[in-house]
Amino acid sequence: MPAYTTHDIRNIALVGQTGGGKTTLAEALLHAAGAIKSMGSIEQGNTVCDYDPQEQQYEHSLNASLVWLRKDGKQVNLLDTPGLHDFFGRAYSALQAVETAAVVINAESGIEPATQSMMEHALEDELCRVIIINKIDSPTADLAALVDDIRLTFGDECLPLNLPAASAGKVVDCFFRPEGEETLFSSVADAHTNIIDQVVEMDEELMEIYLEQGSELEPDQLHAPFEKALREGHLVPICFTSATTGAGISELLDVITRLMPDPTEGNPPHFLKCEEGDAVPVEISPDKEKHAVAHVFKVTNDPFRGKLSLLRLYQGSLTPSSQLFIGEARKPFKVTHLLRIQGKDQSEMEQAVPGDICAVARVDEIFRDAVLHDSHDEDNYHLQPENFPMPLFGLALIPNKRSDDQKLSDALHKLQAEDPCLVVEHANQANETVIRGLVTCTCG
Ligand SMILES: Nc1nc2c(ncn2[C@@H]2O[C@H](COP(=O)(O)OP(=O)(O)O)[C@@H](O)[C@H]2O)c(=O)[nH]1
Ligand SMILES: [Mg+2]
């Protein structure tokens with residue numbers, strides 16, 4: 001049995017412009033929680049998330065990576081996503097698996113195109129959102145102006161949960177224990193009042209208590225309205241961090257474990273039963289006694305380790321002996337290797353509970369976006385289609401040797417299976433293979 005329940009799980013995707021510090025932030029969170037002994041860096045090419053040799057060579061994330069940590073009994077599953085526009089499909093796929101999108105903004109460069117896309121996309125997907133302003137150690141960052149800019153661009157519901165301290169190097173909590181030190185701008189008392197005012201608007205009874213009691217509400221009294229405010233987009237908390245100095249990292253871990261939704265919270269996933277041209281919404285609940293229903297949000301093909309399928313379990317439990325159908329297939333496969341993923345490392349799991357993110361190895365028939373289930377009652381179930389950006393650029397490929405045709409075709413189909421925004425076509429007239437992607441360098 002796992003040492004945690006569905007209520008203990010927090011699923012978070014780190015999204016945003018490349019260079020904002022998402023991969024370093026994941027590393028810092030793992031380190032702070034004791035999941036890794038020392039912190040790797042992008043420059044040394046030894047982070048847990050960017051383990052692919054190409055990622056290390058380019059010093060950019062190219063794939064969504066799954067890592068996990070345990071803090072105060074909570075199981076935090078983090079998906080670090082690529083911020084390059086070329087790989088938005090991979091970032092959007094990761095958003096399908098989580099309750100919370102953590103949009104990372106680079107304090108040096110402010111709001112960038114990917115910030116905008118990810119904020120909008122997460123809202124469309126009805127996810128809870130939190131903004132992380134990273135690189136607060138930068139001497140060129142104007143943090144007060146950035147907060148104003150964020151509120152102007154994304155609305156007044158964006159409110160700081162903590163603030164950078166006047167003496168750089170740490171942040172001051174404005175929510176749990178708002179007795180504070182001097183801050184770089186604004187004040188702890190103002191930030192505290194603004195957050196509480198925003199949260200109590202979700203609950204009339206609490207509003208009355210608040211008006212009688214003043215601002216002495218306990219964080220526990222605020223949990224339900226806080227979660228509702230996140231779910232309804234009425235509140236987008238802002239947290240400050242420096243992934244390299246460690247400022248704000250333990251505070252961010254607290255925010256994740258104490259305030260972010262568990263899989264029974266947040267907005268429920270939209271599953272559809274698609275039959276004879278009709279798509280009817282169906283309810284899925286994070287109940288471990290019900291039939292298992294999982295969605296495959298990522299597949300990778302490793303030449304040595306074979307196919308790895310990352311899945312989010314929405315209902316029921318999984319064990320290595322579970323027998324699962326892939327989509328509408330009549331014959332099930334046996335899970336055998338149910339895996340927990342830590343970057344490139346894998347460890348066997350005895351059981352997955354509803355809401356957890358895990359992986360299944362070496363099942364060639366699984367494809368990205370497949371629904372895996374253990375009863376024919378859930379045949380024809382699909383997760384509502386994601387609004388992926390359309391591929392815009394095309395590149396014709398001709399192998400050097402005609403005899404390499406098959407090799408090229410196999411490699412491209414594997415790539416296509418991994419990236420929802422990559423399309424491989426055969427142009428019959430010209431007898432050419434054409435790949436289409438989001439920008440030219442995807443195809444280069
Ligand atoms: N000064 C500073 N540099 C950072 C911080 N976080 C990340 N970096 C650096 O910013 C660069 C991009 O970081 P990375 O984690 O790859 O960003 P990602 O593209 O969002 O994943 C790397 O050189 C990091 O060392 C930070 O908090 N402060
Ligand atoms: Mg990265």
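Answer yes or no: is there a residue in the range 80-94 that is surrounded by fewer than 24 Cβ atoms within 10 Å (Cβ to Cβ), away from ligand 2 (no atom under 15 Å from the Cβ) and assigned to a loop (DSSP other than H, G, I, E, B). No, because not a single residue in the range 80-94 is surrounded by fewer than 24 Cβ atoms within 10 Å (Cβ to Cβ), away from ligand 2 (no atom under 15 Å from the Cβ) and assigned to a loop (DSSP other than H, G, I, E, B).
Scanning the range 244-259 for residues that are touching an Asp or Glu at 6+ places or on another chain (Cβ under 7 Å) and either hydroxyl-bearing (Ser, Thr, Tyr) or part of a loop (DSSP other than H, G, I, E, B) (or both) returns Thr244, Thr245, Ala247, Thr257.
Taken together, Ser409, Ser403, Ser375 contain a single residue that is of a type in the set (Gly, Ala, Ser), modelled with pLDDT of 80 or more and surrounded by fewer than 16 Cβ atoms within 10 Å (Cβ to Cβ), which is Ser375.
Residues are listed down the side, and each one gets a yes or a no for (1) in contact with a His (Cβ under 9 Å, 6 or more places away or on another chain); (2) within 16 Å of ligand 1 (Cβ to nearest atom); (3) without any contact (Cβ under 8 Å) to a residue 60 or more places away in the chain:
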{"residue": "Val15", "(1), (2), (3)": "yes, yes, no"}
{"residue": "Lys22", "(1), (2), (3)": "no, yes, no"}
{"residue": "Leu29", "(1), (2), (3)": "no, yes, no"}
{"residue": "Ala33", "(1), (2), (3)": "no, no, no"}
{"residue": "Leu62", "(1), (2), (3)": "no, yes, yes"}
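Residues that are in contact with a Lys or Arg (Cβ under 9 Å, 6 or more places away or on another chain) and within 16 Å of ligand 2 (Cβ to nearest atom) were ranked within the range 119-156; the one that is nearest to Ala91 (Cα to Cα) is Ile132. Taking the range 108-118, which residues are surrounded by fewer than 24 Cβ atoms within 10 Å (Cβ to Cβ) and on the phi < 0 side of the Ramachandran plot? Hits for the range 108-118 are Glu108, Ser109, Ile111, Glu112, Pro113, Gln116, Ser117.
Conditions (1) exposed (fewer than 13 other Cβ atoms within 10 Å of the Cβ); (2) over 19 Å from the mean Cα position of the chain (by Cα); (3) modelled with pLDDT under 95; (4) not assigned by TED's automatic domain parsing to the domain that holds Gln96, marked per residue:
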{"residue": "Thr300", "(1), (2), (3), (4)": "no, no, yes, yes"}
{"residue": "Arg305", "(1), (2), (3), (4)": "yes, yes, yes, yes"}
{"residue": "Gly316", "(1), (2), (3), (4)": "no, yes, no, yes"}
{"residue": "Ser321", "(1), (2), (3), (4)": "yes, yes, no, yes"}
{"residue": "Leu324", "(1), (2), (3), (4)": "no, yes, no, yes"}
{"residue": "Val335", "(1), (2), (3), (4)": "no, yes, no, yes"}
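Filtering the range 64-99 to residues that are under 22 Å from His7 (Cβ atoms) and β-branched (Val, Ile, Thr) leaves Val67, Val76, Val98. Within the range 160-195, the set of residues being surrounded by fewer than 18 Cβ atoms within 10 Å (Cβ to Cβ), touching a strand residue (DSSP E or B) at 6+ places or on another chain (Cβ under 7 Å) and part of a helix (DSSP H, G or I) comprises Asn194 only.
Please determine whether any residue of the range 69-78 is buried (at least 22 other Cβ atoms within 10 Å of the Cβ), within 13 Å of the chain's Cα centre (by Cα) and within 11 Å of ligand 1 (Cβ to nearest atom). For the range 69-78, residues buried (at least 22 other Cβ atoms within 10 Å of the Cβ), within 13 Å of the chain's Cα centre (by Cα) and within 11 Å of ligand 1 (Cβ to nearest atom): absent.
Considering Asp377, Asp369, Asp356, the condition of being among the acidic types (Asp, Glu), in contact (Cβ under 8 Å) with a residue 60 or more places away in the chain and within 19 Å of Pro263 (Cβ to Cβ) is satisfied by Asp356 alone. Taking Leu69, is it in contact with a helix residue (DSSP H, G or I) (Cβ under 6 Å, 6 or more places away or on another chain) and either in a helix (DSSP H, G or I) or within 16 Å of ligand 2 (Cβ to nearest atom) (or both)? In short, no.
The values are calculated or read from the model by the stated rules, or taken from the named source; none is laboratory data. This one's a predicted model, so the numbers in the text were calculated from it and none came from an experiment. So basically every Cβ, Gly included, is an ideal-geometry build from the backbone, and we count neighbours across all protein chains shown.
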